[in-house]
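Reading through the structure tokens given below for one structure.
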Amino acid sequence: MSQHKNPWQRLKTTNVYDNDWIKVHHDEVITPGGSEGIYGRVIFKNVAVGIIPLDTEFNTWLVGQYRYTLDAYSWEIPEGGSPHNTLPLHSAQRELREETGLIAEQWTPILTLHTSNSVTDEKAVIYLAQNLTQGPSAPEDTEELVAQKLPFAEVVEMVHQGKITDAISVAGILKVAHMVREGKV
């Protein structure tokens, strides 16, 4: 890929919101076309991590929870946040254990993505977790989770049917499905 120059010019940034997870900036800009404009940016304070746990029988685990922002129930892969000063792998290991009780011996990074790069800088790292051992789960106080073990092929079909819509989950599930088809898992 060739290097491209940034055609945007940021004139002023105002921090309009800040909490433990995000900051929201209102920017005054000069657009690539040369006109004055505005841009809103959501700056994430964590890297998102997602995990596809896969056992030897090609089963995986989904986590169900009510998502406040969507006002709807959502089935997703185990996922969470990794502070920028923490290795994403360590956070992924913690999230898998907290949400499902699973501990994995083998971890493979399979995908890095940006979740919605038109309005946010959120980066996600997705792992395949294998050689699993079941233990107790310990969700955070802000989570009311249901973990469910399902055949991986059924989870792929849930993506195709629109029953799983979370971007990190969809991307990770389809990546692992491709790896399975290619014989890489």
**Request:** Report the residue count in the stretch 99-108 for those that are surrounded by 20 or more Cβ atoms within 10 Å (Cβ to Cβ) and of a type in the set (G, A, S).
**Result:** 1
**Item:** One residue from V24, V63 being assigned by TED's automatic domain parsing to the domain that holds E144 and of a type in the set (A, V, I, L, M, F, W, C)
**Value:** V63
**Residue list for the stretch 77-129, restricted to those being in contact (Cβ under 8 Å) with a residue 12 or more places away in the chain and of a type in the set (S, T, Y)** = S82, S91, T100, T108, T112, T115, S116, T120, Y127
**Request:** Answer yes if at least one residue in the stretch 156-177 is part of a strand (DSSP E or B) and either within 19 Å of I22 (Cβ to Cβ) or touching a strand residue (DSSP E or B) at 6+ places or on another chain (Cβ under 8 Å) (or both), and no otherwise.
**Result:** no
**Item:** Out of L96, L111, sole residue that is assigned to a strand (DSSP E or B) and crowded, with 17+ Cβ neighbours inside 10 Å
**Value:** L111
**Asked** Tell me, which strands (runs of 3 or more DSSP E) wholly within the stretch 4-93 include 3 or more residues that are surrounded by 10 or more Cβ atoms within 10 Å (Cβ to Cβ) and of a type in the set (G, A, S)?
**Response** 79-83
**Request:** Considering every residue within the stretch 149-169, establish whether at least one is of a type in the set (S, T, Y), exposed (fewer than 14 other Cβ atoms within 10 Å of the Cβ) and in the same structural domain as S91 (by TED's automatic domain parsing).
**Result:** no
**Asked** (1) in contact with a helix residue (DSSP H, G or I) (Cβ under 9 Å, 6 or more places away or on another chain); (2) at pLDDT below 95: which one isn't true of T142, the others all being true?
**Response** (1)
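The values are calculated or read from the model by the stated rules, or taken from the named source; none is laboratory data. Keep in mind that this is a model prediction, so the values were computed, not measured. Glycine gets a Cβ as well: all are built from the backbone with ideal geometry, and neighbour counts include every protein chain shown.
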